[in-house]
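Report on the following structure.
The values are calculated or read from the model by the stated rules, or taken from the named source; none is laboratory data. The shown structure was predicted, so the numbers you read here are calculated from the model rather than taken from an experiment. No Cβ is skipped: glycine too gets one built from the backbone with ideal geometry, and neighbour counts run over all protein chains shown. Please note that ligands, DNA and RNA were not included when accessible areas were found on the heavy atoms of the full protein model with its side chains. Shrake-Rupley method; radii C 1.70, N 1.55, O 1.52, S 1.80 Å.
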Amino acid sequence: MERRTVRSGLTAIMLLLSSLSVAAAPEPFSDAIEGARFRGATVLGGEVFHVQGLALQDGRVWVTSVDRRTRRGWLHLFDRATGRLVRRMEVTDGARYHPGGISIDGHSLWVPVAELRANSSATLVEVDTDTMRAKRRITIADHLGCVAAHGRWLVAGNWDSRALYVIDRDDPVHVRVVPNPSGTRYQDMKFVGGKLVAGGPRTWWSGTIDWLDWPALTLRRSLQAGGYTAEGMAVEGRDLYLAPEDGPTRLYHFRLETGTRA
(Lines give C-alpha, C1' and ligand atoms only; values in the text may rest on other atoms or scores of the structure.)
Protein backbone atom coordinates (compact mmCIF):
# COMPACT_ATOMS: atom_id res chain seq x y z
CA MET A 1 0.00 0.00 0.00
CA GLU A 2 1.20 3.55 -0.58
CA ARG A 3 1.03 4.41 3.13
CA ARG A 4 3.28 1.40 3.69
CA THR A 5 5.90 2.98 1.42
CA VAL A 6 6.41 5.84 3.88
CA ARG A 7 6.20 3.54 6.90
CA SER A 8 8.68 1.12 5.38
CA GLY A 9 11.18 3.93 4.88
CA LEU A 10 10.76 5.11 8.45
CA THR A 11 11.12 1.56 9.71
CA ALA A 12 14.37 1.16 7.80
CA ILE A 13 15.70 4.39 9.35
CA MET A 14 14.68 3.25 12.82
CA LEU A 15 16.36 -0.13 12.36
CA LEU A 16 19.50 1.56 11.09
CA LEU A 17 19.63 3.88 14.08
CA SER A 18 19.11 0.92 16.42
CA SER A 19 22.29 -0.71 15.18
CA LEU A 20 24.55 0.06 12.25
CA SER A 21 25.94 -3.47 12.46
CA VAL A 22 23.58 -6.26 13.49
CA ALA A 23 26.35 -8.79 13.89
CA ALA A 24 28.60 -6.48 15.89
CA ALA A 25 26.06 -4.95 18.25
CA PRO A 26 23.21 -7.26 19.21
CA GLU A 27 22.57 -5.76 22.66
CA PRO A 28 20.57 -2.69 21.48
CA PHE A 29 17.97 -5.16 20.21
CA SER A 30 17.44 -6.82 23.58
CA ASP A 31 14.39 -4.68 24.46
CA ALA A 32 13.04 -4.20 20.94
CA ILE A 33 10.37 -6.85 21.49
CA GLU A 34 8.67 -6.98 24.87
CA GLY A 35 9.74 -10.13 26.71
CA ALA A 36 12.20 -11.24 24.00
CA ARG A 37 15.93 -11.32 23.37
CA PHE A 38 17.62 -10.62 20.05
CA ARG A 39 19.41 -13.76 18.77
CA GLY A 40 20.84 -12.64 15.45
CA ALA A 41 19.98 -11.84 11.86
CA THR A 42 20.48 -13.53 8.50
CA VAL A 43 20.90 -11.53 5.30
CA LEU A 44 18.60 -12.80 2.54
CA GLY A 45 20.36 -12.52 -0.83
CA GLY A 46 19.06 -11.99 -4.33
CA GLU A 47 16.72 -9.34 -5.68
CA VAL A 48 13.88 -8.67 -3.25
CA PHE A 49 11.51 -5.69 -3.47
CA HIS A 50 9.05 -4.32 -0.87
CA VAL A 51 8.82 -7.23 1.58
CA GLN A 52 5.34 -8.33 2.68
CA GLY A 53 5.11 -11.84 4.13
CA LEU A 54 7.34 -14.43 5.79
CA ALA A 55 7.00 -18.18 6.39
CA LEU A 56 9.45 -20.83 7.59
CA GLN A 57 9.50 -24.48 6.56
CA ASP A 58 12.32 -26.68 7.87
CA GLY A 59 15.47 -25.43 6.08
CA ARG A 60 13.59 -22.98 3.88
CA VAL A 61 12.50 -19.36 4.17
CA TRP A 62 9.61 -18.05 2.08
CA VAL A 63 9.15 -14.31 1.49
CA THR A 64 6.68 -12.33 -0.59
CA SER A 65 7.53 -8.94 -2.06
CA VAL A 66 5.94 -6.43 -4.44
CA ASP A 67 7.71 -4.43 -7.12
CA ARG A 68 5.53 -1.34 -7.24
CA ARG A 69 7.43 0.14 -10.19
CA THR A 70 6.52 -2.73 -12.52
CA ARG A 71 3.35 -3.75 -10.63
CA ARG A 72 4.48 -7.33 -10.17
CA GLY A 73 4.27 -9.58 -7.14
CA TRP A 74 6.79 -12.26 -6.20
CA LEU A 75 7.22 -15.30 -3.97
CA HIS A 76 10.88 -15.93 -3.04
CA LEU A 77 12.44 -19.11 -1.65
CA PHE A 78 15.68 -18.89 0.35
CA ASP A 79 18.01 -21.40 1.96
CA ARG A 80 17.58 -20.89 5.69
CA ALA A 81 21.16 -21.69 6.67
CA THR A 82 22.87 -19.40 4.18
CA GLY A 83 20.20 -16.88 3.15
CA ARG A 84 20.88 -17.75 -0.50
CA LEU A 85 18.04 -17.21 -2.96
CA VAL A 86 17.00 -20.59 -4.34
CA ARG A 87 14.08 -19.70 -6.59
CA ARG A 88 11.31 -17.20 -7.11
CA MET A 89 7.82 -17.35 -8.57
CA GLU A 90 5.72 -14.51 -9.96
CA VAL A 91 2.26 -14.33 -8.40
CA THR A 92 0.86 -11.35 -10.35
CA ASP A 93 -2.79 -11.83 -11.29
CA GLY A 94 -3.71 -8.98 -13.63
CA ALA A 95 -4.74 -5.98 -11.51
CA ARG A 96 -3.93 -8.07 -8.44
CA TYR A 97 -0.18 -7.80 -7.94
CA HIS A 98 0.22 -7.10 -4.21
CA PRO A 99 1.09 -10.29 -2.26
CA GLY A 100 0.75 -10.13 1.51
CA GLY A 101 1.41 -12.10 4.67
CA ILE A 102 1.66 -15.84 4.00
CA SER A 103 1.09 -19.12 5.81
CA ILE A 104 2.15 -22.76 5.44
CA ASP A 105 -0.09 -25.72 6.21
CA GLY A 106 1.52 -29.06 5.37
CA HIS A 107 2.83 -28.86 1.82
CA SER A 108 0.63 -25.89 0.95
CA LEU A 109 1.71 -22.26 1.09
CA TRP A 110 -1.15 -19.76 1.01
CA VAL A 111 -0.47 -16.37 -0.61
CA PRO A 112 -3.00 -13.52 -0.81
CA VAL A 113 -2.58 -11.45 -3.98
CA ALA A 114 -4.68 -8.28 -4.02
CA GLU A 115 -5.35 -5.07 -5.85
CA LEU A 116 -3.46 -2.18 -4.27
CA ARG A 117 -6.51 -0.38 -2.90
CA ALA A 118 -9.08 -0.89 -0.18
CA ASN A 119 -12.47 -2.46 -0.89
CA SER A 120 -11.17 -4.15 -4.03
CA SER A 121 -10.48 -7.85 -4.65
CA ALA A 122 -7.95 -10.54 -3.88
CA THR A 123 -7.06 -14.09 -4.81
CA LEU A 124 -5.89 -16.58 -2.19
CA VAL A 125 -3.38 -18.76 -4.02
CA GLU A 126 -2.47 -22.21 -2.69
CA VAL A 127 1.09 -23.02 -3.78
CA ASP A 128 2.60 -26.51 -3.59
CA THR A 129 5.82 -26.07 -1.61
CA ASP A 130 7.45 -29.06 -3.34
CA THR A 131 6.80 -28.01 -6.94
CA MET A 132 6.26 -24.26 -6.38
CA ARG A 133 3.17 -24.39 -8.58
CA ALA A 134 -0.30 -23.00 -7.88
CA LYS A 135 -2.82 -25.70 -6.90
CA ARG A 136 -5.91 -23.65 -6.13
CA ARG A 137 -7.21 -20.08 -6.25
CA ILE A 138 -10.00 -18.59 -4.15
CA THR A 139 -11.27 -15.14 -5.09
CA ILE A 140 -12.63 -12.77 -2.42
CA ALA A 141 -14.37 -9.45 -3.11
CA ASP A 142 -12.12 -7.39 -0.85
CA HIS A 143 -8.45 -6.51 -0.52
CA LEU A 144 -6.75 -9.21 1.59
CA GLY A 145 -3.30 -8.41 2.95
CA CYS A 146 -2.48 -11.49 5.04
CA VAL A 147 -3.68 -15.04 5.57
CA ALA A 148 -3.23 -17.86 8.10
CA ALA A 149 -4.04 -21.50 7.32
CA HIS A 150 -5.21 -24.18 9.75
CA GLY A 151 -6.71 -27.38 8.35
CA ARG A 152 -9.82 -26.51 6.36
CA TRP A 153 -9.84 -22.94 7.69
CA LEU A 154 -8.25 -19.77 6.38
CA VAL A 155 -8.24 -16.49 8.30
CA ALA A 156 -7.40 -13.40 6.27
CA GLY A 157 -7.12 -9.71 7.14
CA ASN A 158 -8.39 -7.06 4.75
CA TRP A 159 -6.92 -3.56 4.20
CA ASP A 160 -5.13 -2.71 7.47
CA SER A 161 -6.84 -5.83 8.88
CA ARG A 162 -9.87 -3.82 9.95
CA ALA A 163 -11.83 -7.05 9.52
CA LEU A 164 -10.84 -10.72 9.64
CA TYR A 165 -12.33 -13.10 7.08
CA VAL A 166 -12.88 -16.69 8.23
CA ILE A 167 -13.02 -18.87 5.12
CA ASP A 168 -13.77 -22.57 4.77
CA ARG A 169 -11.39 -23.46 1.97
CA ASP A 170 -13.60 -26.43 1.02
CA ASP A 171 -16.68 -24.17 0.87
CA PRO A 172 -15.31 -20.66 0.21
CA VAL A 173 -18.71 -19.22 -0.73
CA HIS A 174 -19.65 -19.02 2.94
CA VAL A 175 -17.44 -16.48 4.72
CA ARG A 176 -17.61 -15.18 8.29
CA VAL A 177 -16.38 -11.60 8.82
CA VAL A 178 -15.17 -10.62 12.30
CA PRO A 179 -14.09 -7.11 13.38
CA ASN A 180 -10.42 -6.95 14.35
CA PRO A 181 -10.39 -7.09 18.19
CA SER A 182 -7.14 -5.09 18.26
CA GLY A 183 -6.07 -1.69 16.97
CA THR A 184 -3.07 -3.34 15.32
CA ARG A 185 -3.03 -3.38 11.50
CA TYR A 186 -1.97 -7.00 11.03
CA GLN A 187 0.47 -7.60 8.17
CA ASP A 188 1.25 -11.28 8.79
CA MET A 189 -0.45 -13.99 10.83
CA LYS A 190 0.04 -17.65 11.66
CA PHE A 191 -1.68 -20.42 13.60
CA VAL A 192 0.64 -21.46 16.44
CA GLY A 193 -0.32 -23.93 19.16
CA GLY A 194 -4.03 -23.65 18.42
CA LYS A 195 -4.07 -19.86 18.54
CA LEU A 196 -3.84 -17.18 15.87
CA VAL A 197 -0.66 -15.12 16.22
CA ALA A 198 -0.68 -11.85 14.28
CA GLY A 199 1.75 -8.95 14.02
CA GLY A 200 1.62 -5.48 12.56
CA PRO A 201 2.01 -1.75 13.24
CA ARG A 202 -0.19 0.49 15.33
CA THR A 203 1.66 3.66 14.35
CA TRP A 204 4.70 4.40 12.19
CA TRP A 205 6.92 3.78 15.23
CA SER A 206 5.18 1.04 17.16
CA GLY A 207 3.51 -2.30 16.66
CA THR A 208 2.39 -5.40 18.50
CA ILE A 209 2.35 -9.15 18.25
CA ASP A 210 -1.03 -10.49 19.36
CA TRP A 211 -2.32 -13.92 20.36
CA LEU A 212 -6.01 -14.48 19.50
CA ASP A 213 -8.17 -17.37 20.70
CA TRP A 214 -9.49 -19.64 17.97
CA PRO A 215 -12.21 -19.82 16.76
CA ALA A 216 -13.61 -16.92 18.80
CA LEU A 217 -10.85 -14.54 17.56
CA THR A 218 -10.81 -12.66 20.85
CA LEU A 219 -7.57 -10.98 21.94
CA ARG A 220 -5.70 -13.07 24.51
CA ARG A 221 -2.27 -11.36 24.78
CA SER A 222 -0.32 -8.55 23.16
CA LEU A 223 3.45 -7.81 23.11
CA GLN A 224 4.88 -4.41 22.23
CA ALA A 225 7.22 -4.70 19.25
CA GLY A 226 8.43 -1.28 18.11
CA GLY A 227 8.69 -1.07 14.33
CA TYR A 228 9.78 -4.66 13.77
CA THR A 229 6.28 -5.86 12.91
CA ALA A 230 5.96 -3.58 9.86
CA GLU A 231 5.82 -6.59 7.51
CA GLY A 232 6.74 -10.31 7.66
CA MET A 233 6.46 -12.40 10.83
CA ALA A 234 6.83 -16.10 11.70
CA VAL A 235 6.80 -18.00 15.00
CA GLU A 236 8.31 -21.38 15.90
CA GLY A 237 7.61 -22.20 19.52
CA ARG A 238 9.43 -19.47 21.46
CA ASP A 239 11.42 -18.35 18.42
CA LEU A 240 10.11 -15.22 16.71
CA TYR A 241 11.29 -14.18 13.25
CA LEU A 242 10.64 -10.82 11.59
CA ALA A 243 11.39 -9.37 8.16
CA PRO A 244 10.54 -5.65 8.32
CA GLU A 245 12.90 -4.29 5.64
CA ASP A 246 12.68 -3.85 1.90
CA GLY A 247 15.28 -5.71 -0.16
CA PRO A 248 18.09 -6.27 0.49
CA THR A 249 16.43 -7.65 3.59
CA ARG A 250 17.38 -9.44 6.79
CA LEU A 251 15.63 -12.12 8.80
CA TYR A 252 15.67 -11.04 12.46
CA HIS A 253 15.53 -13.74 15.13
CA PHE A 254 14.21 -13.11 18.66
CA ARG A 255 13.75 -15.56 21.52
CA LEU A 256 10.58 -15.10 23.55
CA GLU A 257 11.26 -15.41 27.27
CA THR A 258 9.48 -18.06 29.33
CA GLY A 259 5.97 -16.93 30.16
CA THR A 260 5.60 -14.50 27.22
CA ARG A 261 3.46 -16.88 25.19
CA ALA A 262 -0.26 -16.97 25.80
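Some points to look at:
- Diffusion coefficient (Stokes-Einstein, Kirkwood radius over C-alpha pairs, 10 °C, 1.306 mPa s) for segment 156-262: 111 µm²/s, rounded to a whole number.
- Protein-only accessible surface at a 1.4 angstrom probe places the residues K190, K195 in the order K195, K190, largest first.
- Each residue, V43 and T258, gets one label point 7 Å from its Cα in the Cβ direction; the gap between the two is 3.7 nm.
- Label-point separation, R68 to D239 (7 Å along Cα→Cβ), nm: 3.3 nm
- Kirkwood-based shape ratio for segment 94-218, expressed as Rg/Rh from alpha carbons: 0.94
- Shape summary of segment 52-113, radius of gyration then Dmax from alpha carbon positions: 11.5, 35 Å.
- Choice from G59, G200, G183 showing the highest fluctuation, given a GNM over the chain with Cα pairs closer than 10 Å: G59
- Amide H partners (placed H, <5 Å) of R221, local residues excluded: W211
- Largest accessible area first, the residues E47, E115 order themselves as E47, E115 under a 1.4 Å probe with ligands, DNA and RNA left out.
- The share of alpha-carbon pairs in the chain lying farther apart than 27 Å comes to 28%.
- Size descriptors for segment 205-262, from the alpha-carbon set: Rg then Dmax equal 12.2, 38 Å.
- Debye intensity ratio in log₁₀ form over the Cα atoms of segment 30-183, taken at each q of 0.08, 0.09, 0.11, 0.20 Å⁻¹: -0.23, -0.29, -0.43, -1.27
- Charge tally around D93: other residues with Cβ under 12 Å, Lys/Arg +1 each, Asp/Glu -1 each, net +2.
- Length released on extending from S108 to R176, taking residue separation times 0.36 nm less the Cα-Cα span: 22.2 nm
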